[in-house]
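Read through the structure below, which is laid out as structure tokens, and then see the notes.
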């Protein structure tokens, strides 16, 4: 019975295959014989039975369809010049792959790319040697120069007599970091590595570098002092540099202080006695040309508690570098960190704590906010779906339910205690125990801002922490359309890492008289000192990158903050006067927060790290990463290496390829970087940059509220796509259409008709321009093909 059933199924599948592709199977005896039949008809082998027959026919049908697709696939016609260029490129790749050419590291080192790169590095080193008064080929380091020492000392003494410098010095002397300068400098002289922890407002970021520089200059060692201070974010590097420049009565980049954040930099004009503030990635660029950082005497790693991938990677390099350079001093600084763990990592180096000097900050939690605003939550009609994470989705869901039940019991116990103490009225406790109180509610934020405006007449600035750009955009729109603000003029400023630096710097300017500044920011503002902030609204959420090893998938999830994040956010208030911090979560929820978030290297893809290891020639990846402060999982490393091999950034022996060399110098995702490099070869850079920007950020289309609006948005997308049936090309044409409309001053109408977010499109255009600058900058310096 099974044989007949299988045969019947086989004949049915065979007849369909014959009807659609008989021409293919009648061209020769090979195919006909393969099926065991005549005339090209599909016939299964006689030894198969039952289900095996159906599987055989399914496999044959898949092979037939694949062949048909190849024959009917549209062909791309290339011009003779492009065809010749691609043929030449493929030919060169084939020649390099032959056995006569050295393989592995030898092939890369002998390649035209690396020869030209080494020549470039050698010329830079020689030029630096000549400027330092040395012979070409000598290692350029910090060499004592008596004339420089005397000149720097005289310049500092002359500056100290200026009225502006003296005014700033009186302010500096009030900071705890300056008051502890003798203890700090003594510890710095006696040790090669120290760990400094200091509360927000103590002045460690602005003062420690200046104290070191001033002492070196006054002691006649100014020519032996160059300080580089890393910051985790671009905006921090720029603003700290500008603040230090102001305190030293200088112009940024003209004397002793400067900054470098990739393509934007203001490097100090003098070569000795300087402080350079930069992002961590810039230091890795310096390490490529100068593996021992011989130009610098002190390396300061600030905000080390962030524990991002590059910072952990830099710590590993500095740990080796202090053994190779006994003259190098390393200072690790943070407001909140596990100082013991970091000290033990650097062979039990000494720790130094600086107390804070901020004004007192009053904290309010969700129960207090509900009492002050009389806000009531609307009950959700549809329950929210829990996001499953982990190795086993079912297990993660069960674990999530267990955690929810545990927290519910904790919250009920907390509410009963408040009820017994009669701290809050019953209607507040009733709202607090609702599930909606655990969700991010923009209406509650709006209600709280209205309450602040009613109770505070001094127009104190407000800083609101939200997880991402979606919440920034929605809350900004909601506040601008709120009619209750008509009697209170407000100035809304978004702050996001994707915004250009010039836009990010707007948050530091004070608003016109009579207007209240409202900054809506992500966690980027946790390390940004905005002087006029009086009120902080902390939603308690943060977007975290997570890496699922089982699915080999990186995700961005919204999670609760850690206690370290909450402390940093609270510290943003009270910089110029007593401040207030509103936590939009209950005291019971705060008790569930972990002390610190897991280090980024344990929850992120490692391709960029592996590529940096290969670019800096630090040896084999696995033994190197084992020496990190928190080594990543072995499987995560294996997945990274395999992906780099698939991208042809590494060869099968894990050696860097020319493509990998170029990708390592592009500050973007590796797949995006390869796509842009290929766009340069195929001469389609502009549309690919548009696609890359949207992939890096978000889709510019939005769906407005209202029944049936999804169909209107789909119609607009199809019209913009012009029959391409490609979401990527639709976005390209949307940006092109916006640019044409912009030239006619009709961009707002264009966005309205096509359901495009004008702010998102502008952001994508800025990102596109920035990526283009990155590509040009990297290729102009490193592309020698």
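The values are calculated or read from the model by the stated rules, or taken from the named source; none is laboratory data. Note that this is a predicted model, so its numbers are computed, not measured. Counting neighbours? That spans all protein chains shown, and the Cβs are built from the backbone with ideal geometry, glycine included.
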**Prompt:** Which of the residues belonging to segment 283-300 are surrounded by 21 or more Cβ atoms within 10 Å (Cβ to Cβ) and closer than 24 Å to residue 668 by Cβ?
**Reply:** 283
**Request:** Can you give me the number of residues within segment 647-666 that are buried (at least 18 other Cβ atoms within 10 Å of the Cβ) and assigned to a loop (DSSP other than H, G, I, E, B)?
**Result:** 7
**Message:** Condition check: touching a residue at least 24 places away in the same chain (Cβ under 8 Å) and touching a strand residue (DSSP E or B) at 6+ places or on another chain (Cβ under 6 Å). Does residue 604 satisfy that?
**Reply:** yes
**Prompt:** Within segment 700-710, can one find any residue that is surrounded by 17 or more Cβ atoms within 10 Å (Cβ to Cβ) and in a helix (DSSP H, G or I)?
**Reply:** no
**Item:** Subset of segment 747-768 [free of Cβ contacts under 8 Å to residues at least 24 places away in the same chain and either surrounded by 14 or more Cβ atoms within 10 Å (Cβ to Cβ) or touching a helix residue (DSSP H, G or I) at 6+ places or on another chain (Cβ under 8 Å) (or both)]
**Value:** 747, 748, 749, 750, 751, 758, 762
**Message:** Just checking, does segment 579-591 include any residue being in a helix (DSSP H, G or I), in the same structural domain as residue 411 (by TED's automatic domain parsing) and either surrounded by fewer than 19 Cβ atoms within 10 Å (Cβ to Cβ) or on the phi > 0 side of the Ramachandran plot (or both)?
**Reply:** yes
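Give, as residue ranges, the helices (runs of 4 or more DSSP H) completely inside segment 360-434 that count at least 2 residues that are within 30 Å of the chain's Cα centre (by Cα) and either at pLDDT 60 or above or not assigned by TED's automatic domain parsing to the domain that holds residue 545 (or both).
393-421
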**Asked** Taking segment 420-466, which residues are touching a helix residue (DSSP H, G or I) at 6+ places or on another chain (Cβ under 7 Å) and free of Cβ contacts under 8 Å to residues at least 24 places away in the same chain?
**Response** 433
**Prompt:** Right, residue 566: under 30 Å from residue 459 (Cβ atoms), in contact (Cβ under 8 Å) with a residue 24 or more places away in the chain and touching a strand residue (DSSP E or B) at 6+ places or on another chain (Cβ under 6 Å) or not?
**Reply:** no
**Request:** Determine if segment 700-710 includes at least one residue that is modelled with pLDDT of 90 or more and in contact with a strand residue (DSSP E or B) (Cβ under 8 Å, 6 or more places away or on another chain).
**Result:** no
**Asked** Do we find that residue 575 is touching a residue at least 60 places away in the same chain (Cβ under 8 Å), in contact with a strand residue (DSSP E or B) (Cβ under 8 Å, 6 or more places away or on another chain) and surrounded by 14 or more Cβ atoms within 10 Å (Cβ to Cβ) in this structure?
**Response** yes
**Asked** Consider residue 320 against the criteria (1) outside any loop (DSSP other than H, G, I, E, B); (2) touching a residue at least 12 places away in the same chain (Cβ under 8 Å): it satisfies all of them except one. Which criterion is unmet?
**Response** (2)
**Request:** Would you check if there is a residue in segment 253-263 being within 17 Å of residue 156 (Cβ to Cβ) and either in contact with a helix residue (DSSP H, G or I) (Cβ under 6 Å, 6 or more places away or on another chain) or part of a helix (DSSP H, G or I) (or both)?
**Result:** yes
**Request:** For segment 690-704, indicate whether the set of residues that are out of contact with any helix residue (DSSP H, G or I) (no Cβ under 7 Å at 6 or more places or on another chain) and without any contact (Cβ under 8 Å) to a residue 24 or more places away in the chain is non-empty.
**Result:** no
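Yes/no matrix, rows are residues, columns are (1) modelled with pLDDT of 90 or more; (2) within 16 Å of residue 552 (Cβ to Cβ); (3) outside the structural domain of residue 344 (by TED's automatic domain parsing); (4) not in a loop (DSSP other than H, G, I, E, B):
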{"position": "612", "(1), (2), (3), (4)": "no, no, yes, yes"}
{"position": "631", "(1), (2), (3), (4)": "yes, no, yes, no"}
{"position": "637", "(1), (2), (3), (4)": "yes, yes, yes, yes"}
{"position": "645", "(1), (2), (3), (4)": "yes, yes, yes, yes"}
**Request:** Would you check if residue 559 is in contact with a strand residue (DSSP E or B) (Cβ under 8 Å, 6 or more places away or on another chain), assigned to a strand (DSSP E or B), free of Cβ contacts under 8 Å to residues at least 24 places away in the same chain and under 28 Å from residue 403 (Cα atoms)?
**Result:** yes
**Asked** How many residues, within segment 344-367, are within 19 Å of residue 540 (Cα to Cα) and touching a helix residue (DSSP H, G or I) at 6+ places or on another chain (Cβ under 9 Å)?
**Response** 6
